[in-house]
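Following: one structure in structure tokens, then a few remarks.
The values are calculated or read from the model by the stated rules, or taken from the named source; none is laboratory data. Given the structure is predicted, the values throughout are model-derived calculations rather than measurements. We place every Cβ from the backbone using ideal geometry, glycine too, and count neighbours over all the protein chains shown.
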């Protein structure tokens, strides 16, 4: 490697921040910087031999300003768009492009794709999963700048970001108790995944704090689909001592709970209040009445992952962080006080 | 430009197809080719100076083997994943990577992103929209290899691919008539877009062919949402001379039609058959009973666009094509013969 002028050298010489240089030299963002400053920065960059052609400069300074995002199953996941958009917006704001590849669930293909991204000289990789899970990161990423998105690992060298599942469960409990409910059930996902454990633990803790116990016969687990939610709700809502409110693992299970209520001639929310998690707008907005639900922060997680990756690229010694992002309540019309 | 060895030269010298060379030299796909053939191709490529490092070879032969995909709103569109996956699978099978950028609906940002992709030396661009529409392509793409995905333009120099909206409407008519329905209504999208015109024209033509006229009072247009479909269906299904079957512009409107039927104490499909378009699995699988619907071919369109782009990159004089891809029926349980 001969000279290795990087963006930090330009920023230092020009007396401005790295972000300002990045914007000034990016066709996509130069309008964000004062025109005279752009000229000054371009002159300094020219003097130092920092080239605007990213491909050429990538070979020289070893930064291509391309980030890779490796995900598992974007086809089947309605959340993929928001995660990718959040990552891309953050990348674009900092003069980087995002290259997205998907592996389905094929581990060997995934390793091949990571090597292909590395051949394209990506600066770092966001390793994304389409739901919160613990992963073993492929060996190809070992020692390379990597951030986990909607995933965690046991490797303390990797920063990661996931939703705050526990807090989502707590918020659901708070919402239903505040509306006056005391006889409350939960329809959980039967899968052994962090979201199922975290939401249940938070929900239970939120109820406990209000002196309410989640009775064993008011906790049913099923397949995390509309059919799974429907079946669980038909079971919970049958009989005389039915709960007045249901917290559902996700919006799809909540859609099934609406179907069960309709089948039993119960009205939402007058006869039964229902809360979901996800804020899948197709469902939460589409249901009648609209579903109150905790929004999974996919856009925000995508942004966080890119910003943290850029931070670790600029500062390889930066502290690793295991971040949890809040799931805000989106109130629609599926919660009301219990009758009587 | 000194020598300009490209993949076709390697294929010719090695006596194999371009695809085989692409696979053999791609870390991601060399396993698809016989190991001895891979060795032979690598030797030929080495002799000719065709390098495996894509970034370096991109500078030499002016092919980076990166394709760009520019879309409008992947965040808000559940179809985005399938379109991107189709494009990416086709790119990957041919040794290319796909770089995805999204502009929201900001025209200026879109132009800046296209220039950024061009700075990264992408070989060509897929210009995608998230629903079938006519577009004016930004000047930055003029004269550059470009394929329109889920969009058309008046420029005969641009190949494009969209769903066959007319045939989707015809298939819906065929399905309902074959089940025995004669009193049939359509809930259309009120927007002035190709999908609304095409599906209606095809539906009308399909009924006409069976000697059935779509009466004016059996055609209602509304907002293409669950609420829009519900409102239209409440109108159509009220009264005694109600239709026995509804063709809905999309699955969301069909979900609204189910809600209207439930509200009116009508059962799907015993009292009213319902057909949608999209095959949005969250909805079509989630509804109870499952929704029979025409699948929009997003995955296939994404594939087609990449394959056509690669064809035009290899053969700049290749014929331009305005392709329409069929929307296959996905049968679930929402269509039955009419009562009586």
What number of residues within the range B:204-218 are within 28 Å of residue A:287 (Cα to Cα) and either outside the structural domain of residue B:280 (by TED's automatic domain parsing) or surrounded by 17 or more Cβ atoms within 10 Å (Cβ to Cβ) (or both)? 1
Being in the same structural domain as residue A:199 (by TED's automatic domain parsing), surrounded by fewer than 24 Cβ atoms within 10 Å (Cβ to Cβ), under 24 Å from residue A:201 (Cα atoms) and under 27 Å from the mean Cα position of the chain (by Cα) is the requirement here; does residue A:234 meet it? no
Is it true that residue A:257 is in a helix (DSSP H, G or I), in the same structural domain as residue A:170 (by TED's automatic domain parsing) and in contact with a helix residue (DSSP H, G or I) (Cβ under 9 Å, 6 or more places away or on another chain)? yes
Counting only residues in the range A:84-105 that are more than 9 Å from chain B (Cβ to nearest Cβ) and farther than 14 Å from residue A:313 by Cβ, the one surrounded by the most Cβ atoms within 10 Å (Cβ to Cβ) is identified as A:87
Kindly indicate the residue of the range A:49-61 that is on the phi < 0 side of the Ramachandran plot and either at pLDDT 80 or above or part of a loop (DSSP other than H, G, I, E, B) (or both) and also surrounded by the most Cβ atoms within 10 Å (Cβ to Cβ) among those meeting that condition. A:50
Residue list for the range B:149-164, restricted to those being touching a strand residue (DSSP E or B) at 6+ places or on another chain (Cβ under 7 Å) and touching a residue at least 40 places away in the same chain (Cβ under 8 Å): B:149, B:150, B:152, B:158, B:159, B:160, B:161, B:162, B:163, B:164
Condition test on residue A:81, is it touching a strand residue (DSSP E or B) at 6+ places or on another chain (Cβ under 9 Å), more than 10 Å from every other protein chain (Cβ to nearest Cβ) and surrounded by 19 or more Cβ atoms within 10 Å (Cβ to Cβ)? no
Got at least one residue in the range B:190-197 being away from chain A (no Cβ under 14 Å), closer than 18 Å to residue B:340 by Cβ and assigned to a helix (DSSP H, G or I)? no
Subset of the range A:261-284 [surrounded by fewer than 24 Cβ atoms within 10 Å (Cβ to Cβ) and part of a helix (DSSP H, G or I)]: A:261, A:262, A:263, A:281, A:282, A:284
Only one of (1) surrounded by fewer than 15 Cβ atoms within 10 Å (Cβ to Cβ); (2) closer than 20 Å to residue A:272 by Cβ does not apply to residue A:179, and that is (1)
Scan the range B:62-70 and tell me whether some residue there is assigned to a strand (DSSP E or B), crowded, with 20+ Cβ neighbours inside 10 Å and either facing chain A (nearest Cβ under 8 Å) or modelled with pLDDT under 80 (or both). yes
Go through the range B:80-114 and report how many residues are touching a helix residue (DSSP H, G or I) at 6+ places or on another chain (Cβ under 6 Å) and over 29 Å from residue B:281 (Cα atoms). 4
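Being within 7 Å of chain A (Cβ to nearest Cβ) and in contact (Cβ under 8 Å) with a residue 60 or more places away in the chain is the filter here, so list the residues in the range B:118-130 that pass it.
Once the filter is applied, which keeps residues that are within 7 Å of chain A (Cβ to nearest Cβ) and in contact (Cβ under 8 Å) with a residue 60 or more places away in the chain, the range B:118-130 yields only B:121.
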If I go through the range B:123-170 residue by residue, how many of them are at pLDDT 95 or above, closer than 26 Å to residue B:202 by Cα and over 18 Å from the mean Cα position of the chain (by Cα)? 1
Residue that is surrounded by fewer than 24 Cβ atoms within 10 Å (Cβ to Cβ) and in the same structural domain as residue B:259 (by TED's automatic domain parsing), where the choices are B:289, B:337, B:316: B:289
Answer yes or no as to whether residue B:313 is under 18 Å from the mean Cα position of the chain (by Cα) and over 21 Å from residue A:255 (Cα atoms). no
Count of the range A:215-238 residues which are in a loop (DSSP other than H, G, I, E, B) and more than 14 Å from chain B (Cβ to nearest Cβ): 2
Just wondering, is there one or more residues in the range A:98-117 that are touching a residue at least 60 places away in the same chain (Cβ under 8 Å) and not assigned by TED's automatic domain parsing to the domain that holds residue A:20? yes
